[in-house]
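Only one structure is covered here, and it is reproduced in the block below.
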Amino acid sequence: MCLSDRVPPTELRQNGGVPTAPAPDDLLMDHEVRISPLRMILRVVVGIVVLGSFGVWMYALSGAARQAPPDELDSTRALIEANEAGEAYTEVDGLPAYAERAERICQATIDNLPDASRATSGPERAEQIRLANAQLSDMILQLRGLPVASERDDTLRNLFLDDWEVLISDRDRYADAVEVDPSAIFTLTAVADNERLERRLTRFARTNLMLPCGAPADV
């Protein structure tokens with residue numbers, strides 16, 4: 001039989017002849033049709049996870065991820081950068097950074113506060129609190145007297161210490177209350193942004209590497 005007498009494969013299929021293998025395009029279409037909705041959802045989820053991970057790394061490597069907290073002192077930032085570079089940092093008077101000196105002052109004060117567990121009556125507890133408040137007031141005076149690196153630092157430092165004075169006023173009020181009623185509850189003045197006063201004090205102290213200057217836990 002000559003080549004011209006051969007029946008094309010398409011005619012064999014139409015005439016019930018021997019079936020032939022589907023063309024590559026037919027295989028691709030069959031494969032696409034068999035993709036289940038669950039598999040499609042999994043593909044979308046995996047894609048989202050990959051893009052999310054990429055976004056996190058992009059943020060971590062960007063300048064936005066390295067921005068200093070708004071309540072970080074310029075002095076603290078300079079101290080951190082100096083430590084990272086293996087260098088020393090001093091304030092304008094040539095002495096250690098504000099945070100380092102403040103930490104020492106606060107730690108010494110907190111270590112010497114009266115022990116509340118030793119009070120046996122309301123009046124005795126009230127006397128302890130008043131003694132502690134006098135020590136804390138002296139601590140605030142010392143912190144206000146330390147030199148700072150900039151006018152911005154002076155503003156932030158004074159706002160922080162103003163909050164401290166509010167806390168001492170609350171403690172004074174509590175001393176008056178517990179002197180009469182040993183079961184009196186210590187309450188704090190409300191501050192802006194719905195943040196508790198003692199948390200704001202501790203946040204500033206932690207941000208500026210002087211954690212002992214946060215709110216004490218003696219009441």
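Scanning the stretch 82-125 for residues being within 26 Å of V178 (Cα to Cα) and not acidic (D, E) gives a total of 15. Being assigned to a helix (DSSP H, G or I) and surrounded by fewer than 17 Cβ atoms within 10 Å (Cβ to Cβ) holds for only one residue in L156, L141, L136, and it is L141.
For the stretch 166-194, the set of residues classified as under 26 Å from T76 (Cα atoms) and surrounded by 12 or more Cβ atoms within 10 Å (Cβ to Cβ) consists of V166, L167, I168, V191, listed by residue number.
Going by the structure shown, is D111 closer than 30 Å to G94 by Cβ, touching a residue at least 24 places away in the same chain (Cβ under 8 Å) and charged (D, E, K, R)?
Details: closer than 30 Å to G94 by Cβ: yes; touching a residue at least 24 places away in the same chain (Cβ under 8 Å): no; charged (D, E, K, R): yes.
No; evaluated as a whole, the condition is false for this residue.
Being out of contact with any helix residue (DSSP H, G or I) (no Cβ under 7 Å at 6 or more places or on another chain), surrounded by 15 or more Cβ atoms within 10 Å (Cβ to Cβ) and closer than 30 Å to A78 by Cα narrows it down to one residue among E100, E127; which is it? Spell out the reasoning first.
Numbers: E127 fails: closer than 30 Å to A78 by Cα.
One residue alone meets the criteria, E100.
Scanning the stretch 36-91 for residues that are among the polar types (S, T, N, Q), at pLDDT 75 or above and not in a loop (DSSP other than H, G, I, E, B) gives S75, T76, N83, T90.
Residues checked against (1) more than 20 Å from T109 (Cβ to Cβ); (2) within 26 Å of the chain's Cα centre (by Cα):
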{"residue": "A132", "(1), (2)": "no, no"}
{"residue": "L141", "(1), (2)": "no, no"}
{"residue": "A149", "(1), (2)": "yes, yes"}
{"residue": "L167", "(1), (2)": "no, yes"}
{"residue": "R171", "(1), (2)": "no, no"}
{"residue": "Y174", "(1), (2)": "no, no"}
{"residue": "S183", "(1), (2)": "yes, no"}
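Would you check if T120 is β-branched (V, I, T), loosely packed, with under 13 Cβ neighbours inside 10 Å and touching a residue at least 12 places away in the same chain (Cβ under 8 Å)?
Numbers: β-branched (V, I, T): yes; loosely packed, with under 13 Cβ neighbours inside 10 Å: yes; touching a residue at least 12 places away in the same chain (Cβ under 8 Å): no.
In short, no.
Can you confirm whether the stretch 199-210 contains a residue that is touching a Gly at 6+ places or on another chain (Cβ under 6 Å) and of a type in the set (G, A, S)? Scanning the stretch 199-210 turns up at least one residue that is touching a Gly at 6+ places or on another chain (Cβ under 6 Å) and of a type in the set (G, A, S).
So that you can scan it fast, the table gives a plain yes or no per residue for (1) at pLDDT 95 or above; (2) on the phi > 0 side of the Ramachandran plot; (3) in a helix (DSSP H, G or I); (4) touching a strand residue (DSSP E or B) at 6+ places or on another chain (Cβ under 9 Å):
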| site | (1), (2), (3), (4) |
| --- | --- |
| E165 | yes, no, yes, no |
| D170 | yes, no, yes, no |
| A177 | yes, no, yes, no |
| D193 | no, yes, yes, no |
| L209 | yes, yes, no, no |
| V219 | no, no, no, no |
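Within the stretch 80-97, the set of residues being crowded, with 18+ Cβ neighbours inside 10 Å and under 24 Å from the mean Cα position of the chain (by Cα) comprises just one member, A97.
The values are calculated or read from the model by the stated rules, or taken from the named source; none is laboratory data. Please read these numbers as outputs of a predicted model, since none were measured by experiment. Every residue, glycine as well, gets a Cβ built from its backbone with ideal geometry; the counts of neighbours run over all protein chains shown.
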